[in-house]
1. With respect to residue 175, is the statement that it is surrounded by fewer than 18 Cβ atoms within 10 Å (Cβ to Cβ), in contact (Cβ under 8 Å) with a residue 60 or more places away in the chain, more than 30 Å from residue 265 (Cα to Cα) and assigned by TED's automatic domain parsing to the domain that holds residue 135 true?
2. In the range 130-144, how many residues are loosely packed, with under 15 Cβ neighbours inside 10 Å and in contact with a helix residue (DSSP H, G or I) (Cβ under 7 Å, 6 or more places away or on another chain)?
3. So which residues in the range 39-50 are surrounded by fewer than 24 Cβ atoms within 10 Å (Cβ to Cβ) and assigned to a strand (DSSP E or B), if there are any at all?
4. For the range 186-198: of the residues being buried (at least 16 other Cβ atoms within 10 Å of the Cβ) and modelled with pLDDT of 90 or more, which is farthest from residue 151 (Cα to Cα)?
5. If you go through the range 234-279, how many residues are in contact with a strand residue (DSSP E or B) (Cβ under 7 Å, 6 or more places away or on another chain) and either part of a helix (DSSP H, G or I) or more than 25 Å from residue 114 (Cα to Cα) (or both)?
6. Return the only residue of 226, 197, 154 being assigned by TED's automatic domain parsing to the domain that holds residue 110 and in contact with a strand residue (DSSP E or B) (Cβ under 6 Å, 6 or more places away or on another chain).
7. Among 80, 63, 56, which is the only one that is under 30 Å from residue 176 (Cα atoms), surrounded by fewer than 16 Cβ atoms within 10 Å (Cβ to Cβ) and at pLDDT 95 or above?
8. Within the range 87-129, take every residue that is within 24 Å of the chain's Cα centre (by Cα) and over 22 Å from residue 34 (Cβ atoms) and give me the one that is surrounded by the fewest Cβ atoms within 10 Å (Cβ to Cβ).
């Protein structure tokens, strides 16, 4: 029994640290939100350096609902930049109350943090320089140098795919999507791997004449908002997201950021419908 004591103590400490999130927000009159500066079109710094994107809009809507739940009409949003490498740490250390980016739900991560309802479905894909021969399958990556954001589920999935396919591609971890695209444009990597929708944003920013999005995908990535382990706070967040799905508000948010790419996939529509929970 004693061998489980350290784990139990750690679990208890984590629970106590996160159990007062709503009280903390009510007491301070503010909520701290984490955003990615480079995850277009989900979470990025806009032209005025203000956070923008699909996930950012959902977080703003959640905060509006939390303000009503807590009867705090003047609830202040404090935005904190996070990276792929430090986003979970900033959440677990209490520096961020709610992370609004492109964080994929995994069972391993659920040991550290809580997740909201799923907000988007994506998958790992590749960018390459325009004009070149585009790989059609994992075997076509043989010997290629492939950049990927370090410490992400995309990196894990890419390494698994390379190992399973025997392509012997060289994986080059980078700190950010911007760094990865720069390496690609400079010819220092043959491809850059990230979630497909993020790559679309990077492609638009860099120029369609410079880069191309490859056809095949190698992973499945369900996104959600991230928070400390706190069931009361998770319920409060999910109450707002469920209403967004139930009332059809999600359609307007989707059109704002992805309308140029057409209607959402049927699987994504079904996911929003399934998560339209009643009170």
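The values are calculated or read from the model by the stated rules, or taken from the named source; none is laboratory data. Keep in mind that what you see is a predicted model, and the values were worked out from it rather than measured. Cβ: placed from backbone, ideal geometry, glycine included. Neighbour counts: every protein chain shown.
1. Values: surrounded by fewer than 18 Cβ atoms within 10 Å (Cβ to Cβ): yes; in contact (Cβ under 8 Å) with a residue 60 or more places away in the chain: yes; more than 30 Å from residue 265 (Cα to Cα): yes; assigned by TED's automatic domain parsing to the domain that holds residue 135: yes.
It is true that residue 175 is surrounded by fewer than 18 Cβ atoms within 10 Å (Cβ to Cβ), in contact (Cβ under 8 Å) with a residue 60 or more places away in the chain, more than 30 Å from residue 265 (Cα to Cα) and assigned by TED's automatic domain parsing to the domain that holds residue 135.
2. 1
3. Answer for the range 39-50, where residues must be surrounded by fewer than 24 Cβ atoms within 10 Å (Cβ to Cβ) and assigned to a strand (DSSP E or B): 44, 45.
4. 190
5. Count: 8.
6. Details: 197 fails: assigned by TED's automatic domain parsing to the domain that holds residue 110; 154 fails: assigned by TED's automatic domain parsing to the domain that holds residue 110.
Every option except 226 fails the conditions.
7. That would be 80, the only listed residue that is under 30 Å from residue 176 (Cα atoms), surrounded by fewer than 16 Cβ atoms within 10 Å (Cβ to Cβ) and at pLDDT 95 or above.
8. If we take residues in the range 87-129 being within 24 Å of the chain's Cα centre (by Cα) and over 22 Å from residue 34 (Cβ atoms), then 123 is surrounded by the fewest Cβ atoms within 10 Å (Cβ to Cβ).
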